[in-house]
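Structure first, then comments.
Please treat every number below as a calculation from the coordinates, not as lab data. Values in this document were obtained by computation on a predicted structure and should not be read as measured data. Neighbour counts are summed over all protein chains in view; Cβ atoms, including those assigned to glycine, are modelled from backbone coordinates with ideal geometry.
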Amino acid sequence: MTYVLVPGAGGEAWYWHLVAPLLAEETIAVELPTGDPDAGLQDYADAITAAAGDRERVTLVAQSMGAFSAPLAKLDVANIILVAPMIPAPGETPGEWWTTSGLPDAGAPPFDPIDTFFHDVPEAVKNAAFARGEPKQADAPFKDRFTLDAWPDIPTRVIAGLQDRLFPYPFMQRIARERLGVEVEPIDSGHMPALSQPEELARTMMT
């Protein structure tokens, strides 16, 4: 088995650097072209396809916004694991998702880029992230529509953080049931478990 690890907005493969060594199989962490102002969702999907090459029966893992591009990749996928995901509906854009998903009514606290994302990330990891500089994320993919008529007919799991301040856990439970018909698997983390709880995330992924 190969785990193909897709990051969220900002597109850095580094996001997975603590989880990848803990997984029992081969791992490929994908770098998305998020700094390219012309790159859209299909370009992100093409980057995922290129990174995985001709691997067979991969487990495709997508964090947050990665759920919009990962299913578009042309891969031989055995399983999909979504982590704190923006689960798309057919024809929806990532920009529209923030309202069409019902997130504004989910009771999330006021957005703060530090507190929302890093409130539970260990100080050393947080400092390492900040030393890398702010990831670049162009606007182009937020206007692209999710082109699949339905979610792929592939076994799909959803992992969500009980302490997520961006996508509150009850919201994730609802949208996973409504859009995928699956129950969320909880993890004791915020929005970025690969940085805050890598051991628990890896253990859950391999269960």
task: Within 10 Å of each residue's Cβ, count the other Cβ atoms and sort MET86, MET65 from fewest upward.
output: MET86, MET65
task: Binning at 10 Å from 0, report for the range 57-174 what percent of all alpha-carbon pair distances ends up in each bin.
output: 12, 39, 37, 13, 0
field: Global size of the chain as Cα Rg and Dmax, reported in angstrom
entry: 15.6, 43
query: Taking the highest mean first, how do the peptides 43-52, 120-129, 2-11 order by number of other beta carbon atoms within 10 angstrom per residue?
result: 2-11, 43-52, 120-129
Computed [θ] at 222 nm, helices only, for the chain once each DSSP H run of length n ≥ 4 contributes -39500 (n - 2.57): -8000 deg cm²/dmol
message: Just want to confirm a number: the relative contact order over the range 2-206, from Cα pairs under 8 angstrom separated by 6+ residues, in percent.
response: 24 percent
- prompt: Can you give me the relative contact order of the range 1-52 as a percent, contacts being Cα pairs under 8 Å and 6 or more apart?
  reply: 39 percent
field: Around ASP164: net Lys/Arg minus Asp/Glu count, Cβ-Cβ under 15 Å
entry: -4
